[in-house]
Amino acid sequence: MPVVELNLNRIKKLVSGSTTKKKIIDVLPFLGLDIESQNGDEIRIEYSPNRPDYSTEFGIALGLQGLLGIKKGIQKTTIKKKGQSTIKVDSSVTKIRPYVTGVLAKNGTLDSDDIQQLMWMQEDLHDGIGRKRKKSSIGLHDADKISFPLTYTTTSRDHKFVPLNNNAEQTINEILSKTEQGQNYGWVLENTKNVPIILDSEKNTISFPPIINSVLTTVTTKTKNILVEVTGIDKDSVEDALSIVISTLQMAGFEFEELKISGNKNSTPQLKSRAISYDTKFTSQILGVEMSSSNMVACLKKCRLDATINNKKIKCIIPRYRFDIFGPMDLVEEIALGYGIENLEPKLSPSKTIGKKNNVTIKTSLITKTAVGLGLLEVFNSSLTSKKILYELTKRNSSEMISVLDSKSQEHTILRDSLLSGLLENLSKNIHESYPQKLFETGVVFSKGKPIRESINLAVIISHKDTNFSEIKSILQSILRTQFKIDCKTKASSQNQELFVKGKYADIYVDDKKIGEIGEICTEILDNFRIRTSVVGFEINLSGLIFE
Amino acid sequence: MSQVLHDIEKKIIDSLQKKSEQTPEQLSESTELSIDQVRRGIEWLRLKEFANVIESSKVTVSLGRNGIDSLKNGLPERKLMDLIKDGSKSFEEVRKTLSGAGFNAAIANAKKNGWVNIEKTDSGSTISTKEKPVETPEEKLISLIGDKSIPEEKIENKLALKFLLQRPDYVLQNTEKSKIISLTERASQIDTTLSDIGAIDVEADAALVYAARTHPLKDTIDEIREIFVKLGFSEIQGNLTQSSFWNFDALFTPQDHPARELQDTFYIENLKSQNQASSTQIKQVSKSHSQNWHYDWKLSESQKMVLRTHTTCVTIKYLAEQKPDEARIFSLGRVFRNEKVSYKHLVEFNQIEGIVIGNNTTLRDLMGIQKEFYKQLGLTKIKFWPTFFPYTEPSLQTMVYNEKLGKWIELFGMGIFRPEVTKPLGIDKPVLAWGGGIERIAMLKYELDDVREFYNNNLNWLRTV
């Protein structure tokens, strides 16, 4: 979950109505925001990835105004159409990064905290909806340093300019290999020879999307007018990002002027709100609360939406930046938030169905009961284990090994095909505990087969100085006879098994079907696990034996 | 008396009943037990409150090296008197026989005793007998001590002892600690001659044994499963390995969603699902993604095999196949996340998820089920907060107040499956889902602050928790 840091005094000022810090703290969770930590007036908040409009103090203040009843209804944005500034798109970008959009934000002022908030917003938008800048990326520039019109085009990798936070010219190749941004996001451009570039009318480089801006247009506390540009590979996605930036900058006190965009596949963004209509009944059907139409409208307005009622239908107006809303169900949630989750009374309706456990659960728990009755202690191991434990220390055949990709943990890379290895590992970790040690585990094991076969195994292991084959065979027979009345046979195996002592292991059969193996564990294997006491064990397949 | 006594204990009691206060050494003598046996027996009796042990210390004196020499040959002053008994002698002559410190001591003490005359001449001093030397108190004391060690308190002439102690290495003082053993009132009435054949020491500690038992986490899983069953839910099961189709696509998670990346999800190497879903299901899901998320949905992405990241894939598959009109279903089992293992994160943990499908089932009903579930677990202070899950809308999370931690903690989540999830799979009724991780609840129950303990299989913990 992305995190935003905010200051209560600044939030209170942005909310700009009569409220208290305590009220703000109390209401935040009901916007769906989790307070991760609080240190005086500084709070860290986790917000849901579907609400990138909550990536700044500005966006959160906008939401708070609604729930606190200070400002309700849609945030109206005016974009002056008279603007003469344009971006022309060269067709060479089509196959690399086809779309660009943008706006001019005018007559605002930013302090250093505001700039910090905008930078965090950019990072969150890049990581989230921008899919690490591949799908969309944003550039904010001091518009007064730019000579319009702009051109969005491509350039070769030896093109030079001074990138942000630098004082010397660098080529594209140098930027990609030397700057942090180049190293982190260069992969987005790895399959192209030329790269996207935004140039102004005097051929100054403004931006090298999606990597880095030019130092020329750095936004500072002196900046009054901002050029917002968003480039990307999906038109909706770049306009989504633009809409969030506009809503945020509006809360920060900016006005907007249209930036005309023309060229292959591109057009000036409209950023229109949209309408969704649905039956008012749907809300009460989902929430279980009888609510008047006017109340629904009021609830939606508290969530910074607009709505009207017409002939038992509710028509909801959704601003461009709320692209998380897909349909009526999302609006029902908005109504619930406006109504207040705390006002929804839980209701316990009797169940019309009778609950039942799964057969596998029932049968497995019978096995567990018998095992405990026989003095065995239950253990739990991971089904995702390591090659070392599963195959190397036990000298088992690893030709059918099933691996996962890119595990963050060395100990969890292979899906287990046996439980016994894990039990040996358990003994190994407990050699300082008192003996006898008698353990069992039931759990899923994996094997290859269209594409993966899963079955449930039972393994038992016993360790003390006088244990032997007979002791473990008694346990095996008893487990299968109790409850299940299954008789099993142990037949000397013709296969060479390095896990067991030669001459002291067998295959386990029920009705001529092999279900597992049993034996005394070989000293060499015990040495591998640093176990200094005799160990016997067996493992059988329960799937197909006591359940399907 | 149920107390069974060891032979050693009986012998000691016997002896103490005859003579009430004895040292261990005396007991060793009277019982003919070795001193070690006696010491052990005394300790047992003391623990059983049959014996009192009083520790005391006693000072004894014995002769040192010079004292032993004097016992045999007389004190230096006596030796001097022997030398000059036949006439006066010069210091030179005397010194030859009484060398070193002995000479000075002899002259000084003989003078002090008034035994000698000393004349100084030009050729040196001479010494002669003045008076017949009688036996001194110090000499008497040396003879009294002899080769024994006697208690200091028994020496009457304290002054003589003081003088001897001032002279080097004549008399040694030793402090001896000793124990005096006596019987408690209870023990003085024990008849040690009574037979106790067949009786055992029922009060002694016995060896520890550990009960075999089910895993503590299994107990919590079973408890939670029982509550679901009680609330009318039936259990379904599914595989831990799933196609991306059921784990993600069917749940409306776009194919470029960060949750689907290698760094969050375990993908299985080189294995693809072939018949993960029907062609209609694939077509409809693909359409839902393209229309709502605006991208080209790829079949090959949906075929990638993953370790399920939630049990919801089992539920949604069941719903898509069975399309029940009315049901309460749950699935419980392990789920996986590609995380760094820490005190709060595991790569593999247990999750339970229940769904309610039916007419007239509302969010309030789902909240009611939650409330009852927590009540059954003994958690009564709960509240609901809005939250976000990719495949439910509206979505809520339960906050439960933990008295011990003194704060609200997040437990199960819930919500209504998005129409974008249900419609493409032909499910036309609202599906209410709820669930969460089981280890979190088990951690509260067992007061653990490190979730890894459940899978460490530390026998000491498993045997005693």
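Quick one: how many residues across segment A:407-421 are touching a strand residue (DSSP E or B) at 6+ places or on another chain (Cβ under 8 Å) and outside any strand (DSSP E or B)?
So in segment A:407-421, the residues touching a strand residue (DSSP E or B) at 6+ places or on another chain (Cβ under 8 Å) come out as A:407, A:411-421.
Filter once more, keeping what is outside any strand (DSSP E or B): A:407, A:411-413, A:416-421.
Looking only at that region, the number is 10.
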Query - Failed condition for B:Leu462, given (1) aliphatic (A, V, I, L, M); (2) within 11 Å of chain A (Cβ to nearest Cβ); (3) within 25 Å of B:Phe233 (Cα to Cα) - result: (3)
Report summary line: Given (1) part of a loop (DSSP other than H, G, I, E, B); (2) under 30 Å from B:Ile155 (Cα atoms), B:Lys58 misses just (1)
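Going by the structure shown, is A:Phe380 modelled with pLDDT under 95 and touching a helix residue (DSSP H, G or I) at 6+ places or on another chain (Cβ under 7 Å)? Let's see the steps before the verdict.
Details: modelled with pLDDT under 95: no; touching a helix residue (DSSP H, G or I) at 6+ places or on another chain (Cβ under 7 Å): yes.
No: the conditions fail for A:Phe380.
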Report task. Could you tell me whether segment A:289-306 includes any residue that is out of contact with any strand residue (DSSP E or B) (no Cβ under 8 Å at 6 or more places or on another chain) and at the interface with another protein chain (Cβ under 9 Å from one of its Cβ atoms)? Result -> yes
Query raised in the report: For the subset of segment B:418-459 comprising residues that are under 18 Å from B:Phe388 (Cβ atoms) and away from chain A (no Cβ under 13 Å), which member is surrounded by the most Cβ atoms within 10 Å (Cβ to Cβ)?
Result: B:Ala433
Query raised in the report: So which residues in segment B:289-345 are assigned to a helix (DSSP H, G or I), crowded, with 18+ Cβ neighbours inside 10 Å and among the charged types (D, E, K, R)?
Result: B:Lys317
Requested in this report: Among the residues of segment B:120-152, write down those that are without any contact (Cβ under 8 Å) to a residue 12 or more places away in the chain and assigned to a helix (DSSP H, G or I).
Outcome: B:Leu144
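Kindly indicate whether B:Leu379 is assigned to a strand (DSSP E or B), over 31 Å from the mean Cα position of the chain (by Cα) and surrounded by 18 or more Cβ atoms within 10 Å (Cβ to Cβ). It would help to see each step written out before you state the result.
Values: assigned to a strand (DSSP E or B): no; over 31 Å from the mean Cα position of the chain (by Cα): yes; surrounded by 18 or more Cβ atoms within 10 Å (Cβ to Cβ): yes.
For B:Leu379, the condition - assigned to a strand (DSSP E or B), over 31 Å from the mean Cα position of the chain (by Cα) and surrounded by 18 or more Cβ atoms within 10 Å (Cβ to Cβ) - is not met.
Given the structure, is A:Thr154 away from chain B (no Cβ under 14 Å), part of a loop (DSSP other than H, G, I, E, B) and surrounded by fewer than 23 Cβ atoms within 10 Å (Cβ to Cβ)? Step through it out loud before you land on a result.
Numbers: away from chain B (no Cβ under 14 Å): yes; part of a loop (DSSP other than H, G, I, E, B): no; surrounded by fewer than 23 Cβ atoms within 10 Å (Cβ to Cβ): yes.
It is false that A:Thr154 is away from chain B (no Cβ under 14 Å), part of a loop (DSSP other than H, G, I, E, B) and surrounded by fewer than 23 Cβ atoms within 10 Å (Cβ to Cβ).
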Query - Members of segment B:389-408 that are over 44 Å from the mean Cα position of the chain (by Cα) and polar (S, T, N, Q) - result: B:Thr392, B:Ser395
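Would it be correct to say that B:Arg260 is touching a strand residue (DSSP E or B) at 6+ places or on another chain (Cβ under 7 Å) and either charged (D, E, K, R) or surrounded by 21 or more Cβ atoms within 10 Å (Cβ to Cβ) (or both)?
no
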Query raised in the report: For A:Phe380, which of the numbered conditions (1) in a helix (DSSP H, G or I); (2) at the interface with chain B (Cβ under 8 Å from one of its Cβ atoms); (3) not charged (D, E, K, R) fails to hold?
Result: (1)
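Could you list all residues from segment A:296-325 that are within 21 Å of B:Gln291 (Cα to Cα) and either assigned to a strand (DSSP E or B) or in contact with a helix residue (DSSP H, G or I) (Cβ under 6 Å, 6 or more places away or on another chain) (or both)?
First pass over segment A:296-325, keeping only residues within 21 Å of B:Gln291 (Cα to Cα): A:316-325.
Across segment A:296-325, the qualifying residues are A:Cys316, A:Ile317, A:Ile318, A:Arg320, A:Tyr321, A:Phe323.
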Query raised in the report: Picking from A:Leu439, A:Leu424, A:Leu390, which residue would you name as being within 17 Å of A:Leu499 (Cα to Cα), in contact with a strand residue (DSSP E or B) (Cβ under 6 Å, 6 or more places away or on another chain) and outside any loop (DSSP other than H, G, I, E, B)?
Result: A:Leu390
Requested in this report: Could you tell me which numbered condition A:Leu348 fails, if it satisfies all but one of (1) more than 7 Å from every other protein chain (Cβ to nearest Cβ); (2) aliphatic (A, V, I, L, M); (3) more than 30 Å from A:Phe380 (Cβ to Cβ); (4) free of Cβ contacts under 8 Å to residues at least 12 places away in the same chain?
Outcome: (1)
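Could you run through segment B:212-246 and say how many residues are touching a residue at least 12 places away in the same chain (Cβ under 8 Å), more than 7 Å from chain A (Cβ to nearest Cβ) and under 45 Å from the mean Cα position of the chain (by Cα)? So that I can check it myself, show each step before the final result.
Residues of segment B:212-246 touching a residue at least 12 places away in the same chain (Cβ under 8 Å): B:213, B:215-217, B:220-221, B:223-225, B:227-228, B:230-246.
Checking the rest, the ones that are also more than 7 Å from chain A (Cβ to nearest Cβ) come to B:216, B:220-221, B:223-224, B:227, B:238, B:242-246.
Within this subset, residues satisfying the condition of being under 45 Å from the mean Cα position of the chain (by Cα) are B:216, B:220-221, B:223-224, B:227, B:238, B:242.
Looking only at that region, the number is 8.
Just checking, which of B:Ile8, B:Ile68, B:Ile13 is at pLDDT 85 or above, among the aliphatic types (A, V, I, L, M), assigned to a helix (DSSP H, G or I) and in contact with a Lys or Arg (Cβ under 9 Å, 6 or more places away or on another chain)? Break it down stepwise before answering.
Numbers: B:Ile68 fails: in contact with a Lys or Arg (Cβ under 9 Å, 6 or more places away or on another chain); B:Ile13 fails: in contact with a Lys or Arg (Cβ under 9 Å, 6 or more places away or on another chain).
Of the residues listed, the single one that is at pLDDT 85 or above, among the aliphatic types (A, V, I, L, M), assigned to a helix (DSSP H, G or I) and in contact with a Lys or Arg (Cβ under 9 Å, 6 or more places away or on another chain) is B:Ile8.
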**Report entry** Selection from segment B:147-191 of residues that are closer than 30 Å to B:Leu45 by Cβ and either more than 53 Å from the chain's Cα centre (by Cα) or hydroxyl-bearing (Ser, Thr, Tyr) (or both)
**Finding:** B:Ser149, B:Thr175, B:Ser178, B:Ser182, B:Thr184, B:Ser188
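Quick grid of which residues meet (1) modelled with pLDDT of 95 or more; (2) surrounded by fewer than 17 Cβ atoms within 10 Å (Cβ to Cβ):
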{"site": "A:Val3", "(1), (2)": "no, yes"}
{"site": "A:Ile11", "(1), (2)": "yes, no"}
{"site": "A:Thr20", "(1), (2)": "no, yes"}
{"site": "A:Tyr47", "(1), (2)": "no, no"}
{"site": "A:Asn50", "(1), (2)": "no, no"}
{"site": "A:Ser55", "(1), (2)": "yes, no"}
{"site": "A:Gln65", "(1), (2)": "yes, no"}
Report summary line: When (1) among the aliphatic types (A, V, I, L, M); (2) in a helix (DSSP H, G or I); (3) within 14 Å of chain B (Cβ to nearest Cβ) are applied to A:Ile24, the one that fails is (3)
Query raised in the report: Got a number for residues in segment A:447-461 being surrounded by fewer than 23 Cβ atoms within 10 Å (Cβ to Cβ) and closer than 23 Å to A:Thr364 by Cα?
Result: 7
Report summary line: Expected single match for over 15 Å from B:Phe330 (Cβ atoms), at the interface with chain A (Cβ under 9 Å from one of its Cβ atoms) and touching a helix residue (DSSP H, G or I) at 6+ places or on another chain (Cβ under 6 Å) among B:Leu363, B:Leu396 is B:Leu363
Report task. Find all pairs meeting these conditions: Cβ atoms under 8 angstrom apart; at least six residues apart or on different chains; first residue within segment A:162-183 and at positive phi and in the same structural domain as A:Lys132 (by TED's automatic domain parsing); second residue surrounded by 13 or more Cβ atoms within 10 Å (Cβ to Cβ) and not hydroxyl-bearing (Ser, Thr, Tyr). Result -> A:Asn165/A:Val215
Report task. Might you check whether a residue that is without any contact (Cβ under 8 Å) to a residue 24 or more places away in the chain and either buried (at least 20 other Cβ atoms within 10 Å of the Cβ) or at the interface with chain B (Cβ under 7 Å from one of its Cβ atoms) (or both) occurs anywhere in segment A:358-371? Result -> yes
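The values are calculated or read from the model by the stated rules, or taken from the named source; none is laboratory data. Note that the coordinates shown come from a computational prediction; the quantities given were computed from them, not determined experimentally. Cβ: placed from backbone, ideal geometry, glycine included. Neighbour counts: every protein chain shown.
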